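What follows draws every value from the coordinates through simple rules; no lab data is involved. Owing to the predicted nature of the structure, the values given are computational and were not obtained by experimental measurement. Neighbour counts run over all protein chains shown; Cβ positions are idealised from the backbone, glycine included.
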Amino acid sequence: MAIYRFKISFEDYDDVVREIDIRPSQTFEDLHQAIHRSTGYHAEKSSSFYVSNDQWIKNEEIAYLPNQRKVDKGVKLMSKAKLSAFIDDPHQKFYYTYDFDKPLDFHVELIKILLNDEVGKEYPCVVRSLGEAPKILESTILPAATSSDLIGEFDFLNEIDFDPKDAEEIENMNEMGINTEDKEEDEDDDMMDEFSDHDEYDADDSHKDDY
């Protein structure tokens with residue numbers, strides 16, 4: 001039985017290449033799973049192959065875990081699409097997008113048709129692996145601060161009968177560059193400067209009346 005050999009390369013990472021042998025009777029889902037056994041990516045992501053021409057223009061779509069819109073339009077499913085049904089050229093090309101939430105694009109090209117399979121060999125199988133697949137960074141979403149969080153930061157103000165509703169206003173003032181603590185310190189400094197301007201003022205004078 002004949003064997004297809006596909007070359008899989010990242011569109012944006014030319015130095016990362018995989019070559020995979022697979023039977024014509026196997027499906028695009030088999031190829032999808034084999035690709036990600038070789039990249040280390042999680043295969044259970046919405047992805048699609050597209051029948052392409054030599055310029056990698058996308059045509060008919062073959063999907064894995066499609067959204068409802070694609071299902072309603074009757075998109076072909078990888079699990080039911082045999083490779084042999086989509087090979088019209090000895091150098092057939094497929095454009096492949098992995099994970100539509102954080103898409104990575106690949107070029108998949110048929111580079112050889114082997115006339116005979118190897119007895120006892122399990123297909124699909126990776127026959128060449130060049131370069132390390134780029135790491136996929138998971139995004140981290142930090143929770144937004146709530147009004148209760150802001151109030152918690154000003155618990156000490158409860159001791160001076162401070163209204164907790166004013167906590168958010170103080171926080172906004174600080175973000176605008178208005179530092180309420182500095183204002184109090186500036187008032188104290190102004191008072192000291194006022195006294196220092198009187199040359200005849202003597203700190204000991206405040207006690208003279210006691211004698």
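Observations on the model:
- Those residues of the stretch 39-61 which are surrounded by 11 or more Cβ atoms within 10 Å (Cβ to Cβ) and over 23 Å from the mean Cα position of the chain (by Cα), in sequence order: 50, 51, 52, 53, 56, 57, 58, 60, 61
- The set of residues in the stretch 1-53 being touching a residue at least 40 places away in the same chain (Cβ under 8 Å), part of a loop (DSSP other than H, G, I, E, B) and closer than 21 Å to residue 91 by Cβ consists of 1, 2, 11, 16, 23, 24, 25, 26, 53.
- In the condition set (1) under 25 Å from residue 135 (Cα atoms); (2) surrounded by 15 or more Cβ atoms within 10 Å (Cβ to Cβ), residue 92 is compliant with all but (1).
- Flag if residue 64 is over 23 Å from residue 123 (Cβ atoms), within 26 Å of the chain's Cα centre (by Cα) and of a type in the set (Ser, Thr, Tyr): no
- Residue within the stretch 69-83 that is under 26 Å from residue 115 (Cα atoms), surrounded by 17 or more Cβ atoms within 10 Å (Cβ to Cβ), out of contact with any Asp or Glu (no Cβ under 6 Å at 6 or more places or on another chain) and not hydrophobic (A, V, I, L, M, F, W, C) present: no
- Scanning the stretch 119-131 for residues that are touching an Asp or Glu at 6+ places or on another chain (Cβ under 9 Å) and assigned to a loop (DSSP other than H, G, I, E, B) yields 121, 123, 124, 131.
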